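Peer 1: What follows is a structure written as structure tokens; I'll ask about it next.
The values are calculated or read from the model by the stated rules, or taken from the named source; none is laboratory data. Keep in mind it's a predicted model, so treat the numbers as computed, not measured. Cβ atoms come from the backbone with ideal geometry, glycine included; neighbour counts cover every protein chain shown. Please note that ligands, DNA and RNA were not included when accessible areas were found on the heavy atoms of the full protein model with its side chains. Shrake-Rupley method; radii C 1.70, N 1.55, O 1.52, S 1.80 Å.
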Amino acid sequence: MRRPRAENLTALKKRLERAVVEGELPADFDCRAAAIFFATVQHGMSIQARDGASRSALMATVAGALAAWKTMAGTVEA
């Protein structure tokens, strides 16, 4: 199980790095930290879903992750 998780993390990091190169994300965006954070969220949600978490509980996690994304990507309005 470790290998697929590592591959997922690598793919996510590479995609974020491409977004920085293409100007979709700020030049100082921390791709490694963001990839680790969102992979962790994904894994946690997977476990919650397996354990029977409700859709609303999972969507609450999504809302938190999106709030974190806005902060990480510098899209939070002042």
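Peer 1: Inspect the stretch 36-51 for any residue being out of contact with any Phe, Trp or Tyr (no Cβ under 7 Å at 6 or more places or on another chain), outside any helix (DSSP H, G or I) and not charged (D, E, K, R) and give the result as yes or no.
Peer 2: no
Peer 1: Which residue pairs have Cβ atoms closer than 9 Å, lie 6 or more positions apart in sequence or on different chains, and pair a first residue in the stretch 41-57 that is within 23 Å of L12 (Cβ to Cβ) and in contact (Cβ under 8 Å) with a residue 12 or more places away in the chain with a second residue that is in a helix (DSSP H, G or I) and open to solvent by 50 Å² or more (accessible area, probe 1.4 Å)?
Peer 2: Q42/N8; Q42/L12; H43/R5; H43/N8
Peer 1: For the stretch 6-39, which positions are open to solvent by 70 Å² or more (accessible area, probe 1.4 Å), modelled with pLDDT under 95 and within 15 Å of the chain's Cα centre (by Cα)?
Peer 2: Residue satisfying the conditions is E7 alone.
Peer 1: Run down R55, R3 and say which single residue is at pLDDT 95 or above and either open to solvent by 50 Å² or more (accessible area, probe 1.4 Å) or touching a strand residue (DSSP E or B) at 6+ places or on another chain (Cβ under 6 Å) (or both).
Peer 2: Of the residues listed, the single one that is at pLDDT 95 or above and either open to solvent by 50 Å² or more (accessible area, probe 1.4 Å) or touching a strand residue (DSSP E or B) at 6+ places or on another chain (Cβ under 6 Å) (or both) is R55.
Peer 1: Ok, one more. Does the stretch 47-63 contain at least one residue that is touching a Lys or Arg at 6+ places or on another chain (Cβ under 8 Å) and not aliphatic (A, V, I, L, M)?
Peer 2: no
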